[in-house]
Amino acid sequence: MHELHDQIWTSLPNLFSTMTAVRNPYSISPVLTTSGPFSDEEFAPSPDVITALADMSILVIGAGGLGCEILKNLALSGFKKIHVIDMDTIDISNLNRQFLFRPSDVGKPKSEVAAEFINRRVAGVHVTPHFGKIQDFDNDFYMQFTLVVCGLDSIEARRWINATLVGLVGDSPETLKPLIDGGTEGFKGQSRVILPTITSCYECSLDMLTPQTTFPMCTIANTPRLPEHCIEWASVLEWPKHFDRKADNDDVEDVTWIFEQARARAEQFGIEGVTYQLTQGVIKNIIPAIASTNAIIAASSCNEAFKVATTCVPFLNNYMMYSGNNSVYTYTFQHQKRPDCPVCGVQVLRLAVPKSTTLENLIERLKENPATKVKNPSLRTASKSLYMASPKELEEMTRGNLVKLVGELVGEEEVTVTDEALPFSLRLVVDVE
Amino acid sequence: MLKIWSMKEKQAAEGGSAKKKVTAAQLRVQKDLSELSLPSTMKTHFPSAEDIMNFELTVRPDEGFYQGGEFRFSFYVNPNFPHEPPKVKCLQKVYHPNIDLEGNVCLNILREDWKPVLSLNAVMIGLQYLFLEPNASDPLNKDAAHQMTANREEFKRNVKHSMAGGSVAGERFDCVLIK
Ligand SMILES: [Zn+2]
C-alpha cells in the first residue's frame with residue numbers, strides 16, 4: 001500500500017509541470033482588475049492590486065491539517081510572501097490528510113517540509129518556515145505581517161495570538177493586523193474574521209466553545225459504563241497512585257500503561273471497546289480530524305484573507321459556522337464584542353508620574369481619575385503582584401509594596417488593574433518622568 | 001486593506017505598548033481573586049504572592065459532621081482557564097463520601113458541569129458545601145457513602161474518629177482538628 005502511494009506521489013510533480021503550461025497564472029486578475037456588482041464602493045480595480053497582494057507579508061500559524069490547506073490556497077491565490085510557524089514534527093498518522101508531507105518526511109519539522117513543498121511547486125511564491133512555538137516570537141516579529149491566518153487546534157495558542165494581536169494595536173493603522181481564524185472539530189468547523197479592538201475577538205467568544213467531554217468523578221470511580229470511563233479511571237485516578245510525575249501523553253510506554261489498566265478494568269465490568277487508539281484519543285482529548293472539513297474551512301478562511309487583503313468584495317462579518325454532521329449547514333452571523341472581554345474590552349490608560357511616586361500615590365491617582373472610577377483596585381504585572389486588595393492574605397503579603405517607588409516596582413512592564421467598578425480590567429502604562 | 005485602516009482611524013487611538021504580556025488566564029484569575037467574597041470559614045494561602053495560579057484554601061466548617069476540623073485544598077489554575085476548571089485536590093487524607101484517599105474531589109462544577117462563567121469563588125463555596133452536606137449518591141469513598149446512608153450515627157462517629165487521626169475500617173486518616 002505504501003509503495004503504491006509513493007508511486008502516485010512521485011509521479012504527481014510531472015503531471016503538474018505539464019499542467020502549469022496551460023493554466024492561466026493570472027486567474028485572479030479578472031476579480032482584481034475589474035469591478036462587479038459585489039465590489040466594495042472604495043475598491044479601485046487595477047493591476048496594482050495584484051502587485052500589492054504579491055508584496056504583502058502574510059503569516060500562517062499551524063502547518064497541520066488546516067495549515068496544509070491554507071498554505072496551498074494562499075499560494076494559489078496571489079499571495080507570494082508567506083511565513084508559516086509550527087512547533088510539530090511530522091507523524092506517520094498525519095499523512096492521510098496533511099498532503100504536503102510524504103512518508104520520507106516523517107520526523108521532520110512540519111513548517112520546513114511544507115514551505116519547501118510549496119516553494120518547489122508554486123513558482124514565484126516564497127514560504128519562510130519557522131519551527132517553534134508562537135510564544136517564542138516577540139512583538140517585532142508579528143509586527144512585520146499585514147495579515148494573520150490561523151489553522152490551529154489548540155485553544156491556548158489561539159488565545160495567545162489573539163491577545164498578542166489585540167496588544168499590538170497602537171496609534172498607526174498598520175499596527176492593526178486582521179486575524180482570520182479557522183478551526184475544525186470532526187464534522188464541524190468555523191471561520192471568522194477578527195479585526196483586533198474593532199470586532200469581537202477570540203476571547204469574546206470563549207464561552208461558545210464546546211466544553212471538553214468530562215465524566216463525573218464518581219462515575220469513573222464506581223460505575224463505569226463506557227470504555228472512556230475506564231480510560232479516565234486509569235489516567236485520572238490510578239496514574240497518580242503509581243507515579244509521582246504526570247503521564248506523558250505522547251510517550252508510548254506511558255500510554256500503554258494507562259491502556260492496560262483501562263483494559264483490565266473494562267474486562268472487570270464487562271465493557272468492550274478499550275483500545276490503544278481510543279486511550280490516546282481520550283487522554284489527549286482528540287477529536288478525529290476530517291480532511292473534508294479542513295478543506296472547507298481553509299477555503300473559507302483563505303477566501304476571507306483574499307478579500308480582506310484586496311477589499312475587492314466585502315468580507316465576512318464576522319463568524320461563519322459550518323456543520324457537516326447531518327447535512328451541510330452553514331450559518332453566518334455577527335458575533336458581538338463583549339464589553340467586559342478580558343482581552344479587547346480593556347481600556348488603556350497612560351499615566352505620567354514623577355519619579356518620587358509611590359505605589360500608594362499611584363493608587364490614589366487612579367481613584368481620583370474620573371475616567372476609571374475605581375474604588376479598591378488590585379494591581380499586577382505579568383510576573384508580580386504589586387498590590388492585591390483581596391483576598392485578605394494576598395493583601396497582607398503585598399501591603400509592603402505601597403510605600404515603594406513605582407519606577408522601581410514596575411520597570412518596563414505593563415500594569416493590569418482590576419476593580420469591581422471596571423467591566424473587566426484596565427491596562428495601565430506608567431511613564432515615570 | 002485601506003478599508004480596515006480607515007475603520008481603525010475612526011476609533012479613538014489607544015496607545016498600547018508592547019511589553020511583557022499578561023495571559024488572559026492570569027487576567028481572569030486576578031479578576032476572580034480581587035472579587036472573592038468568602039465567609040469567615042474559608043481562607044486562602046499563597047506560597048508566593050507573585051504566583052496567583054497556585055494557592056491553597058482552608059475550610060473550617062462551622063456546622064455539620066465536619067465541624068471542628070480544618071480542611072486544606074490545593075488549587076492549580078492552568079493556562080486554559082476559564083475554558084478548563086481549576087485543578088483542586090484535598091491535601092489531607094480524610095474520611096468523606098465525596099473525597100477519595102488520594103485527595104480527589106467529586107464536585108460537579110470541577111468536572112462535568114464546569115462553565116467559563118463560573119468563578120473561583122463558586123468553586124470555593126462548592127467545596128465548603130461538601131462538608132456541610134456530603135452527598136452519598138456521588139461517592140468517591142464508597143465505604144463512607146454507604147455508612148452515611150446505612151447508619152448515620154455510626155457515620156458520625158467514624159467522621160469524629162477519623163478527624164482526630166484515627167483509623168476507620170483499617171485505614172488511618174490525617175488529624176484535621178483545629179488546634
Ligand atoms: Zn474580546
Specify the residue that is farthest from the chain's Cα centre (by Cα); the eligible residues are those in the stretch A:132-144 that are without any contact (Cβ under 8 Å) to a residue 40 or more places away in the chain and in a helix (DSSP H, G or I).
A:Asp140
Contact list please: Cβ distance under 6 Å, first residue in the stretch A:145-168 and more than 7 Å from chain B (Cβ to nearest Cβ) and among the polar types (S, T, N, Q), second residue within 16 Å of the ligand (Cβ to nearest atom) and not in a helix (DSSP H, G or I), pairs at least six apart or on different chains.
A:Asn162/A:Cys201; A:Asn162/A:Tyr202
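A:Gly170: in a loop (DSSP other than H, G, I, E, B) and away from the ligand (no atom under 13 Å from the Cβ), yes or no? If you could, list the steps in order and put the result at the bottom.
Working: in a loop (DSSP other than H, G, I, E, B): yes; away from the ligand (no atom under 13 Å from the Cβ): yes.
It is true that A:Gly170 is in a loop (DSSP other than H, G, I, E, B) and away from the ligand (no atom under 13 Å from the Cβ).
Please determine whether any residue of the stretch B:64-73 is within 13 Å of another protein chain (Cβ to nearest Cβ), part of a loop (DSSP other than H, G, I, E, B) and in contact with a helix residue (DSSP H, G or I) (Cβ under 8 Å, 6 or more places away or on another chain).
First pass over the stretch B:64-73, keeping only residues within 13 Å of another protein chain (Cβ to nearest Cβ): none.
For the stretch B:64-73, residues within 13 Å of another protein chain (Cβ to nearest Cβ), part of a loop (DSSP other than H, G, I, E, B) and in contact with a helix residue (DSSP H, G or I) (Cβ under 8 Å, 6 or more places away or on another chain): absent.
Name the single residue, out of those in the stretch A:192-227 being away from the ligand (no atom under 15 Å from the Cβ) and within 22 Å of A:Met320 (Cα to Cα), that is farthest from the other protein chains (Cβ to nearest Cβ). Before you say what the answer is, go through the steps one by one.
At the first step, the residues of the stretch A:192-227 found to be away from the ligand (no atom under 15 Å from the Cβ) are A:210-227.
Now drop any that are not within 22 Å of A:Met320 (Cα to Cα), which leaves A:210-212.
Numbers: A:Thr210: 10, A:Pro211: 7, A:Gln212: 7 Å.
The qualifying residue farthest from the other protein chains (Cβ to nearest Cβ) is A:Thr210.
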Counted residues, the stretch A:174-186 - those being more than 12 Å from the ligand (Cβ to nearest atom) and in contact with a Leu (Cβ under 9 Å, 6 or more places away or on another chain)
9
Scan the stretch B:122-144 for residues that are touching a helix residue (DSSP H, G or I) at 6+ places or on another chain (Cβ under 8 Å), assigned to a helix (DSSP H, G or I) and within 27 Å of B:Gly170 (Cα to Cα) and report the count.
2
Note: among B:Gly166, B:Gly170, B:Gly103, just one is surrounded by fewer than 20 Cβ atoms within 10 Å (Cβ to Cβ) and touching a residue at least 12 places away in the same chain (Cβ under 8 Å), namely B:Gly103
Tell me yes or no: at least one residue of the stretch B:160-172 is out of contact with any helix residue (DSSP H, G or I) (no Cβ under 9 Å at 6 or more places or on another chain) and at positive phi.
yes
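From B:Pro79, B:Pro116, B:Pro85, which residue is within 12 Å of the chain's Cα centre (by Cα), touching a residue at least 24 places away in the same chain (Cβ under 8 Å) and in a loop (DSSP other than H, G, I, E, B)? Steps first, answer last, please.
Numbers: B:Pro79 fails: within 12 Å of the chain's Cα centre (by Cα); B:Pro116 fails: within 12 Å of the chain's Cα centre (by Cα).
Sole residue among the options that is within 12 Å of the chain's Cα centre (by Cα), touching a residue at least 24 places away in the same chain (Cβ under 8 Å) and in a loop (DSSP other than H, G, I, E, B): B:Pro85.
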The stretch A:297-338 - residue that is closer than 30 Å to A:Leu428 by Cα and within 14 Å of chain B (Cβ to nearest Cβ) and, of those, farthest from the ligand (Cβ to nearest atom):
A:Asn318
Can you pull out the residues in the stretch A:343-362 that are within 30 Å of A:Val403 (Cβ to Cβ), crowded, with 16+ Cβ neighbours inside 10 Å and within 16 Å of the ligand (Cβ to nearest atom)?
A:Val346, A:Val348
Could you please let me know if A:Gly189 is away from the ligand (no atom under 16 Å from the Cβ), assigned to a strand (DSSP E or B) and among the small types (Gly, Ala, Ser)?
yes
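Applying the selection to the stretch B:126-136, what residues are under 13 Å from the mean Cα position of the chain (by Cα) and either within 13 Å of chain A (Cβ to nearest Cβ) or without any contact (Cβ under 8 Å) to a residue 40 or more places away in the chain (or both)?
Step one: filter the stretch B:126-136 for residues under 13 Å from the mean Cα position of the chain (by Cα), giving B:126-131.
B:Gly126, B:Tyr129, B:Leu130, listed by residue number.
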Checking A:Arg158 against (1) under 22 Å from A:Met56 (Cβ atoms); (2) within 14 Å of the ligand (Cβ to nearest atom); (3) part of a helix (DSSP H, G or I): exactly one of these is not met. Which one?
(1)
When you look at A:Val255, is it surrounded by 18 or more Cβ atoms within 10 Å (Cβ to Cβ), more than 7 Å from every other protein chain (Cβ to nearest Cβ) and within 16 Å of the ligand (Cβ to nearest atom), yes or no?
no
Count, please, the residues in the stretch B:88-97 that happen to be within 14 Å of the chain's Cα centre (by Cα), within 14 Å of another protein chain (Cβ to nearest Cβ) and under 18 Å from B:Cys175 (Cα atoms).
3
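Each reported figure results from applying straightforward, stated rules to the coordinates on display, with no laboratory input. Model, not experiment: these values are computed from the prediction. Note that we place each Cβ from the backbone using ideal geometry, even for glycine, and neighbour counts take in every protein chain shown.
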